[in-house]
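Shown next, in structure tokens, is the structure this report addresses.
The values are calculated or read from the model by the stated rules, or taken from the named source; none is laboratory data. This is a predicted model, so every value here is computed, not measured. Glycine gets a Cβ as well: all are built from the backbone with ideal geometry, and neighbour counts include every protein chain shown. Protein only, heavy atoms only, side chains kept; ligands, DNA and RNA dropped before computing areas. Shrake-Rupley method; radii C 1.70, N 1.55, O 1.52, S 1.80 Å.
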Amino acid sequence: MPALEGVELKPTSRKPPRLVSLDVFRGLTVALMILVDDLGGLIPAINHSPWNGATLADFVMPFFLFIVGVSLALTYKKLTCTKLVATRTALLRALKLLIVGLVIQGGFFHGLHHLTYGVDIQSLRLMGTLQRIAIAYLFAALCEIWLVKRNNATTITASEKSSPLNKYKYQWVLAFVLTVIYMALLYGLYVPNWNYKIPSDSFSGPAKVFSVKCGVRGDTSPACNAVGMVDRKILGIQHLYMKPGYTRTKQCSTNSPNSTAPLWCQAPFDPEGLLSSVMAIVTCLIGLHYGHIIVHFKDHKNRISHWVIPAAALAFVGFCLHIFGLHVNKNLYSLSYTCVTAGAAGLLFTGIYVLVDVCGYKRPAWFLEWMGKHSLMLYILAACNILPMFLHGFYWQKPENNILRLIGIN
């Protein structure tokens, strides 16, 4: 380890080929994201679950985090620079993602049908999809840089030959510690009563103040969970997501038989909050493990067996936790949700690997592969409605006469 520090390793002259199945998996996830974003409002079955449970849309974020982990394992297969330089590079990349996320999801753009932009810094949404990915990416990259025992010699020890994954044991220790911390905070923190304001309909009128009664520990309901409390205390309630999924629960629905909805139904809540991002890091670390298997096992059968067994085990554990009361919950990024989605990601990735890299069905998947290679651009342009908003900006005489209207998209 010490011999590596301060020594710059020259990169190999030949760049290793890309793993096609990983690009296809990333492209499939982008396509899935665009599908649920565009049709989720019309088909509730694929829209994000209002609270407990999981739908098709709830697998998108964990799939991205899993893919980030796999990619990092391949990226840092061999350090081509010092650890400090690699750390600085990781920090800069995470910062770029964070800034893009703040611009795209912070409220700067006012929606598909509004040709306006700009955001009050006091109400800027601080967390979001890209921000969470940036946090998980940074933690996983630092783990791969600093928590891996690397030999600068060409010889490989007997223990590394017999069990090559032992060199990553500290990463698993960290994943376990993060899980324990998350569970301890989720079920141990005291959630007091809290207030929030809703601006008045009139510009000059006073804001309406609502008080939500909690005074509990270990509650995982929308109103009194520790995840929301941490975000309100650290980020500030004005910087949270203003349209949380729990507004679609039966309690908050206008079609509910109850004449009055609970007071918390209109309160902000961020599904990509701080405490819930702890388990997002764990998902990324699970992806790292799958990438390590690619690095150390070259035989297809070995890779598949090392992927399928833990993936099936994770999914089984997640379902059991859900049955026994630790519900699958995307908003809280619960332990059961982590297990189920990471297991699903592992199984789906294995299936794609078998079809594309083992059986050679690459040509039918070329479009998904292309999407995977340009995933960030497609996410910004399509999923965040930047391209439709740009097209809306070109119109004839009045905004309603725009290009999208001309081709039949209202």
Legend entry - Flag if VAL230 is among the β-branched types (Val, Ile, Thr) and under 30 Å from ILE67 (Cα atoms): yes
Inset, instruction - Filter the stretch 90-121 down to residues that are in a loop (DSSP other than H, G, I, E, B) and open to solvent by 60 Å² or more (accessible area, probe 1.4 Å) and give me whichever is modelled with the lowest pLDDT. - result: HIS110
Inset, instruction - Answer yes or no as to whether LYS161 is at pLDDT below 95, open to solvent by 40 Å² or more (accessible area, probe 1.4 Å) and part of a helix (DSSP H, G or I). - result: yes
Legend entry - Long-range neighbours under 6 Å by Cβ, at least six apart or interchain, first residue under 30 Å from GLY41 (Cα atoms) and acidic (Asp, Glu) within the stretch 56-83, second modelled with pLDDT of 95 or more and open to solvent by 10 Å² or more (accessible area, probe 1.4 Å): ASP58/LYS330
Legend entry - Every residue from the stretch 326-356 that is open to solvent by 40 Å² or more (accessible area, probe 1.4 Å) and more than 20 Å from the chain's Cα centre (by Cα): LEU326, VAL354, LEU355
Inset, instruction - Assess whether LEU381 counts as being open to solvent by 50 Å² or more (accessible area, probe 1.4 Å), part of a helix (DSSP H, G or I), among the aliphatic types (A, V, I, L, M) and modelled with pLDDT under 95. - result: yes
Inset, instruction - Answer yes if at least one residue in the stretch 296-315 is farther than 20 Å from TYR168 by Cβ, touching a residue at least 24 places away in the same chain (Cβ under 8 Å) and either buried (at least 22 other Cβ atoms within 10 Å of the Cβ) or among the aromatic types (Phe, Trp, Tyr) (or both), and no otherwise. - result: no
Inset, instruction - Please find, among VAL317, VAL295, VAL278, the residue that is part of a helix (DSSP H, G or I), modelled with pLDDT under 95 and of a type in the set (A, V, I, L, M, F, W, C). - result: VAL295
Inset, instruction - Report yes if some residue within the stretch 208-215 is under 25 Å from the mean Cα position of the chain (by Cα), touching a residue at least 40 places away in the same chain (Cβ under 8 Å) and open to solvent by 30 Å² or more (accessible area, probe 1.4 Å); otherwise report no. - result: no
Inset, instruction - Identify the residue in the stretch 41-62 that is in a helix (DSSP H, G or I) and of a type in the set (Val, Ile, Thr) and, among all such residues, is least open to solvent (accessible area, probe 1.4 Å). - result: VAL60
Inset, instruction - Would you mind stating whether CYS252 is in contact with a Cys (Cβ under 6 Å, 6 or more places away or on another chain), over 24 Å from LEU347 (Cβ atoms) and assigned to a helix (DSSP H, G or I)? - result: no
Inset, instruction - Could you check, for the stretch 131-151, whether at least one of its residues is exposed (fewer than 13 other Cβ atoms within 10 Å of the Cβ), over 28 Å from the mean Cα position of the chain (by Cα), modelled with pLDDT under 90 and of a type in the set (S, T, N, Q)? - result: no
Legend entry - Cβ pairs under 7 Å, 6+ apart, first in the stretch 341-363 and more than 19 Å from ALA313 (Cα to Cα) and free of Cβ contacts under 8 Å to residues at least 12 places away in the same chain, second among the hydrophobic types (A, V, I, L, M, F, W, C) and in a helix (DSSP H, G or I): TYR361/LEU355
Inset, instruction - Please tell me if LEU79 is closer than 27 Å to GLN251 by Cα, modelled with pLDDT under 90, more than 21 Å from the chain's Cα centre (by Cα) and in a loop (DSSP other than H, G, I, E, B). - result: no
